[in-house]
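First up is the structure itself, then whatever we jot down about it.
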């Protein structure tokens, strides 16, 4: 474990350094905030002890700079008695904790252990989420480049997003990308396939139910909105949601409150909503199948995912991506696609979009030769 101590008092720097080195920590020191910031920019530390009052750059300014630059090392503020109010403000800003002078050995070691344990847990959580949600939008064509740019602009905001596009085009992947780049990325991401939930169960699934509210309700159940509290809910195929359910979803979006089935108390939720559909909701509104007021709530930002036939330049990249992915999953070496095979796949139409292309690549890897040839494409792509 590597620790940085930033303090203008030489005696404190070296006494703290000696204590931590006795506990087998690697320790570096800096005598002011500016030097500390420069070191933190160049080196990765597991924790930083930072005094508040220092020349050139004080601890509060250094903390703010670290946060601005996205340096996620836990910072433990070191404060004199007169600095307690400032130390508390630092915690509100993003510091992990503060330790009051004169320094107490046990408090130092416990606080440091807790800080590094939390940082390790956050890192592990990010790695796990990357494994689950880490699929990337592959492509360099103009339509996909524009979509990536829009995702980067929209993600850090709290705005509701409506994602449109045909089946298999990657709407779920766009939703996950928005979530991963958002300020809610450490909170839950709850997916709901609105088309897959029977109409008689939609209320229970979305808003939860109380024990005994209906025959099979043998215990209290948290609905998807409550499960997503503080995070993001992804309402996939929202165009297939029934009108009564749409009305209740609209109420949650407007009031940030819901009532479980069989319950009599309102529950407040803080949820960002991302919705997706393969339908033209304007046409569904005209037919009376979708609420116009809900559409306007959802469509603060509308992102259109282009069909694969509009981004054929990306097909060679996608073939390579799926080739590596599928071979890695099966524990086999990456295969080769001949230029003629890639050209044949690029020229054909893809009504099933990205999903269809992945399935075709997997089929060719199973049935085709090595390299996979244009004849293999002719034989096995229907």
### Query
How many residues are in contact with a strand residue (DSSP E or B) (Cβ under 8 Å, 6 or more places away or on another chain), assigned to a loop (DSSP other than H, G, I, E, B) and more than 13 Å from residue 237 (Cα to Cα) if we restrict to the stretch 158-207?
7
### Message
For the structure I just gave you, tell me whether residue 109 is more than 15 Å from residue 72 (Cα to Cα), touching a helix residue (DSSP H, G or I) at 6+ places or on another chain (Cβ under 9 Å) and at pLDDT 90 or above.
### Response
yes
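Yes/no per residue for (1) closer than 20 Å to residue 96 by Cα; (2) in contact with a strand residue (DSSP E or B) (Cβ under 9 Å, 6 or more places away or on another chain):
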position	(1), (2)
8	no, yes
18	no, yes
23	no, no
28	yes, yes
41	yes, no
45	yes, yes
53	yes, yes
61	yes, no
#### Entry: Conditions (1) farther than 19 Å from residue 138 by Cβ; (2) at pLDDT 95 or above; (3) under 29 Å from the mean Cα position of the chain (by Cα); (4) not assigned by TED's automatic domain parsing to the domain that holds residue 179: number failed by residue 362
(1)
### Message
Tell me the residue from 317, 345 that is in a helix (DSSP H, G or I) and crowded, with 18+ Cβ neighbours inside 10 Å, please.
### Response
345
### Task
For the stretch 59-89, enumerate the residues that are under 20 Å from residue 39 (Cα atoms) and more than 24 Å from the chain's Cα centre (by Cα).
59, 60, 61, 62, 63, 76, 77, 78
### Hits in the stretch 221-248 (condition: over 11 Å from residue 207 (Cβ atoms) and in a loop (DSSP other than H, G, I, E, B))
228, 229, 230, 231, 237, 241, 242
## Note on the structure
Matching residues in the stretch 16-25 (surrounded by fewer than 13 Cβ atoms within 10 Å (Cβ to Cβ) and either modelled with pLDDT under 90 or part of a loop (DSSP other than H, G, I, E, B) (or both)) number 1
### Task
Considering each of 297, 335 in turn, give the residue that is in a loop (DSSP other than H, G, I, E, B) and touching a helix residue (DSSP H, G or I) at 6+ places or on another chain (Cβ under 7 Å).
335
### Query
Among the numbered criteria (1) touching a helix residue (DSSP H, G or I) at 6+ places or on another chain (Cβ under 8 Å); (2) free of Cβ contacts under 8 Å to residues at least 40 places away in the same chain; (3) farther than 30 Å from residue 253 by Cβ; (4) surrounded by fewer than 18 Cβ atoms within 10 Å (Cβ to Cβ), which single criterion is violated by residue 329?
(1)
#### Entry: Within the stretch 100-110, considering residues that are in contact (Cβ under 8 Å) with a residue 40 or more places away in the chain and touching a strand residue (DSSP E or B) at 6+ places or on another chain (Cβ under 9 Å), the one surrounded by the most Cβ atoms within 10 Å (Cβ to Cβ)
108
### Query
Within the stretch 267-294, how many residues are surrounded by 14 or more Cβ atoms within 10 Å (Cβ to Cβ) and part of a strand (DSSP E or B)?
7
### Task
Give me a count of the residues in the stretch 39-63 that are assigned to a helix (DSSP H, G or I) and either surrounded by fewer than 14 Cβ atoms within 10 Å (Cβ to Cβ) or touching a residue at least 40 places away in the same chain (Cβ under 8 Å) (or both).
4
### Query
Can you name the number of the only condition in (1) over 21 Å from residue 155 (Cα atoms); (2) in contact with a strand residue (DSSP E or B) (Cβ under 8 Å, 6 or more places away or on another chain); (3) crowded, with 16+ Cβ neighbours inside 10 Å that residue 220 fails?
(3)
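The values are calculated or read from the model by the stated rules, or taken from the named source; none is laboratory data. Fair warning: this is a prediction, and the values are worked out from it, not measured in the lab. Reconstructed Cβ throughout: ideal geometry from the backbone, glycine too, with neighbour counts over all protein chains shown.
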